[in-house]
Structures are given as C-alpha cells and as structure tokens.
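Here is the structure we will look at.
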Amino acid sequence: MLKIYNTLTRKKELFQPRVAGKVGLYVCGMTVYDYCHIGHARVMVVFDTVARYFRYQGYELIYVRNITDIDDKIIKRALENGEDYNQLTERFIDAMHEDERALSVLPPDLEPRATQSIDAIIAMVNTLIAKELAYVGTNGDVFYAVTKFKDYGLLSGKNLDDLQAGERVDVDLAKRNPMDFVLWKMAKTNEPAWESPWGLGRPGWHIECSAMSTCCLGNHFDIHGGGMDLQFPHHENEIAQSEGATGEKFVNLWMHNGFVRVDDEKMSKSLGNFFTVREVLKQYQPEIIRFFILSSHYRSPLNYSDEQLNDASAALTRLYTALRGVTIVTDTVIEETYKTRFEQAMNDDFNTPVALAVLFDLARDLNKAKTHEPEKISVLAASLQQLAGLLGILHQDADIFLKGSKANDQKIDQQIQARLDAKKAKDWALADKIRNDLKQQGVILEDSPDGTTSWRRE
RNA sequence: GGCUGCGUAGCAAAAUGGUUAUGCAGUGGCCUGCAAAGCCAUCUACGGCGGUUCGAUUCCGCCCGCAGCCUCCA
C-alpha cells in the first residue's frame, strides 16, 4: 500500500494509478547551460529512487524527464562564449548524462527536448488562443491570461489578489494582467527562432513542459515531479496551460523535493553557493553523494557540508564492511522480516532514512551471524545487497569501495605481508611501525581472526 | 505583507498519544600481542507558554526562531 504526499492536497494519499499496473511520471529536468550541481543531483537521485521502487512493485512505468535546451540563459551563455547555442547545450547534456551515470541514476525512458517539441508547443498555444485563454500582447509576444483560468493558484495555495503583482518585478506593459506569463516570445535579431503563426520566435519555459508531458504521457497522467521552487509559478502555469487546452484533468499527484542548502540557505546559481557534481566527485566517491541524498527524506531540506558527506562516507563504510569477504549469491530469496520493514518504509512516502535504518539493522545481524550463525550469512548478505540495490547503493564489490583508488595497491599488499611476517616473529615493534606508516598514508589495517589482514582507505 | 513548511539528544536524521529508531561521536565491557573492524551495554532529546487527555515530543491555540515561494531557479 504505497502512500505518497500530494502537494495538491497537502496530504499523504494512497497511490492509485489511473490504469491498473501502469504509472506515468513526468519530472522537470535541467536547463542545460551549465554543469549540474548537488541540487540537481538531488532531483535525479530522488526520482530515480521513486522510479526504481515503482518498477520493483511491479508497475509498468514510463518515466519522462525533459531537457530545456532553449531559454534566455542558454542564449546569453552561448553569446558570452561565442559559440552556437546548440553546441553549448550538447556539451552540457553530455555532462549531465555523465553525472547521472556516476550517481547510478538510471536514464529516464524518455528525455524530450524543447527544441524538438516546437510543433506540439505551437499547437497548444494555438488551442489556448482559440479558447481565448491566451492573447497576442502589444509587443507581439503571446501571453496566457491567468484570470481566465478559474483554478489558477490551486497548487501553490496562492490567489491572484495576494500575489501583489509588480512588487518585485517591473510590470510589463505588453501584458493585460501583470501575472500573465509568456507562451511564445518574439525573437530578437540573431536569436535562435522558429516559424510560428505569430512570427519568428521561441517558446516560453512553462509551455514546453505542458507540451512535452502531454505528448509523452497523454493529457492526463499520474505523477508530476520537480523541485519545490517549481511549484509556483512553473507548475501552476503548466496546470493552467494543459487543463485550459485539453479541458481534462492534467495530473493526479504532484511530488516536490526539498532543496539542498548551504549554511541554511538554498543552494542556487544566483546565490553562487553551489557545488557541481563533478567538483564534489573529485573528493568523494559517487555512491557517497547518493547515500547523502537518500539519508534525509526527499521533502526535507538537506544541508550540504563536508561533515555531512564524511558522515555519509562512514555510514556506507559500515555497510560495505559488513559485506566484505562474503560471497553473494544474487538470486537468493530476501529475508522476509527485513523485506517487509524495508517496504513499509518505502511505502510511506518513500521514507529512505527509515529504509536505510533497516539496512543498518540488517548489517548488524549479518555481522553477528559471521561469528555465531554462519549458515545465515549468505541470505542476510544477499538481502542487504538486494534491498540496498533498490536505493541504488551497495552495487559494487565491497573491497573496491573500501579501498577506493587503485593507487599503490601492490605496495600496500607487500607491507601487509611484511607485517604478517613480523607478527609471526612476535616483532610487535616492527609490526606496529608498518601499521602506523600505512595509517600515515590513509590506509587502515584490520586483522581478521583467521590470521589474514584486510585494509581500507580512510 | 500574503502563502507553504520546519524547529528532535554533541552532529545528522526518522517514527510515534503511553514501549529500542538509525548512522557518526562519547563512556564501560568482550574480542585483539596492541589496535582497527565487529559484538554487548550505556549517557546525552523532543524551541517557549497554555489547552485537550488518565497520559503529549506526538493533537489544538498562541508566541519565538529558521527556511522557501510570491522574478529565473531542481
């Protein structure tokens, strides 16, 4: 019984697919004018985890995450770089896919791009004009008339009178109402542009997502997701556009993930307090970033700091240490009580912190089994790895994670052997010296009861 | 100003109207040549003030503090 928090009703709801056994999920993806930062990584990881769980539960899922590959910032950045906007977006799309793979984010089923959806966008704008929900402004741009859509503000809990239009932004005189938003923008000279009934121009941001989501999933689909900050105006506008154009309900359930913060402030490009994924990857293994993201609930704020990542690293080390040296049979049936607890956690609005707690309990049981009940080792280890796999973690060999980079492995092994010899000769001083020397290099030795020594990097 | 949401032990982070969260750190023990890892035990909590209740960290009200949205943002 999967329950999901619906922003629209501000309650956890029992998830009921429109069509039994099938789920359509659309998530607002990146605007590709720069590298992904940890905030973007959170969206990717959170909805990847959601997608994995739907599939695990047996749903036939279509997961769509769009790419915004035309907008003001892209044009501006391309101009600054003196490169074609296409070149710029291709570069950052590649980089995004690289980050995605690093974080074990499985690619979405469909990844529509705005520039490849122009026909659908124009068709939707046309419909909105025909229904008198949109109009051509005095500057030639096409605007959506928000007052014509009766449910405007339902998702974000805002009403038009409270929005105090113009308070933070200059009123655009081309609009009838300051809250009206642009659907089609007339091109300035040298800007990328497409033919349309209203002249050469390009789509507004909001209409892209309406067009791409309905194209891929139909007029009415199950779940729409994205960052909290998209709730208003972006998602509000999507509802106005899609429901205005089709006359049908747009989305049943809205999911919004919380922000990544730095020193209690939202991580964002405009504040300049962001860390890109590739930057962080220089210091931490990708799995640590993924664990860090999953260690808090997806709707809660997540504070980014070295301390937090170090904690995540220590926690993952504990899980991998439990798996170390155990041969895992992949098709083992999962231990039932842990499976149930894990599913209960995930069924409760994807409560990954609790799901992780289940993994730690499992790890403790596994550690105990190693000394007391060896016959249980195999099933516990397999359970741990399989359940963790649903979260996209613990998929590598324990030694590979624990040893980190491959550098100097041979030399380390030689020193370990030298220490074992010293131990045999009861030359504790030499044995300890070798261990300390290795410690200086960030290598921790761990002796096993069977006389062998394993090691890991700090 | 309007609208959301949050405030849990040293740090991070969940659940819950009365009973162990979990990870890191601390303390005591077992194990070890000594460590590390592991295991066992254990100390630190629920922003403040009222109310409902046999009982509230959990429900309600007020207050204080913090964040987000109301402009582009994941």
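Matching residues to (1) more than 21 Å from A:ASP72 (Cα to Cα); (2) in a helix (DSSP H, G or I); (3) in the same structural domain as A:ALA240 (by TED's automatic domain parsing):
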{"position": "A:LEU128", "(1), (2), (3)": "yes, yes, yes"}
{"position": "A:GLU132", "(1), (2), (3)": "yes, no, yes"}
{"position": "A:LYS150", "(1), (2), (3)": "yes, no, yes"}
{"position": "A:LEU154", "(1), (2), (3)": "yes, no, yes"}
{"position": "A:GLY157", "(1), (2), (3)": "yes, no, yes"}
{"position": "A:ALA174", "(1), (2), (3)": "no, no, yes"}
{"position": "A:TRP184", "(1), (2), (3)": "no, no, yes"}
{"position": "A:ASN190", "(1), (2), (3)": "no, no, yes"}
{"position": "A:SER210", "(1), (2), (3)": "no, yes, yes"}
Checking A:ASN367 against (1) in contact (Cβ under 8 Å) with a residue 12 or more places away in the chain; (2) more than 18 Å from the chain's Cα centre (by Cα); (3) more than 8 Å from RNA strand B (Cβ to nearest atom), which single condition isn't satisfied?
(3)
Please work out which residue is farthest from the chain's Cα centre (by Cα), limiting yourself to the stretch A:306-342 and to residues that are small (Gly, Ala, Ser) and surrounded by 13 or more Cβ atoms within 10 Å (Cβ to Cβ).
A:GLY325
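Yes or no, residue by residue, for (1) near RNA strand B (Cβ under 10 Å from one of its atoms); (2) more than 23 Å from A:ASN252 (Cα to Cα); (3) modelled with pLDDT of 95 or more:
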| position | (1), (2), (3) |
| --- | --- |
| A:LEU128 | no, no, yes |
| A:ALA134 | no, yes, yes |
| A:ASN139 | no, yes, no |
| A:VAL142 | no, yes, yes |
| A:ASP151 | no, no, no |
| A:LEU154 | no, no, no |
| A:ASN159 | yes, no, no |
| A:LEU163 | yes, yes, no |
| A:ASP170 | yes, yes, no |
Residue list for the stretch A:9-56, filter: within 16 Å of RNA strand B (Cβ to nearest atom), surrounded by 18 or more Cβ atoms within 10 Å (Cβ to Cβ) and aliphatic (A, V, I, L, M):
A:LEU25, A:VAL27, A:MET30, A:VAL32, A:ILE38, A:ALA41, A:VAL43, A:MET44, A:VAL45, A:VAL46, A:VAL50, A:ALA51
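Each row is one residue, and each column tells you yes or no for (1) within 9 Å of RNA strand B (Cβ to nearest atom); (2) in contact with a strand residue (DSSP E or B) (Cβ under 7 Å, 6 or more places away or on another chain); (3) in contact (Cβ under 8 Å) with a residue 40 or more places away in the chain; (4) not β-branched (Val, Ile, Thr).
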{"site": "A:THR337", "(1), (2), (3), (4)": "no, no, no, no"}
{"site": "A:VAL354", "(1), (2), (3), (4)": "yes, no, no, no"}
{"site": "A:HIS372", "(1), (2), (3), (4)": "yes, no, no, yes"}
{"site": "A:LEU387", "(1), (2), (3), (4)": "no, no, yes, yes"}
{"site": "A:LYS424", "(1), (2), (3), (4)": "no, no, no, yes"}
{"site": "A:ALA431", "(1), (2), (3), (4)": "yes, no, no, yes"}
Count of residues meeting criterion [within 7 Å of RNA strand B (Cβ to nearest atom) and touching a His at 6+ places or on another chain (Cβ under 8 Å)] in the stretch A:229-257
4
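The values are calculated or read from the model by the stated rules, or taken from the named source; none is laboratory data. In this text, all values refer to a predicted model and were calculated from it rather than measured experimentally. Neighbour counts run over all protein chains shown; Cβ positions are idealised from the backbone, glycine included.
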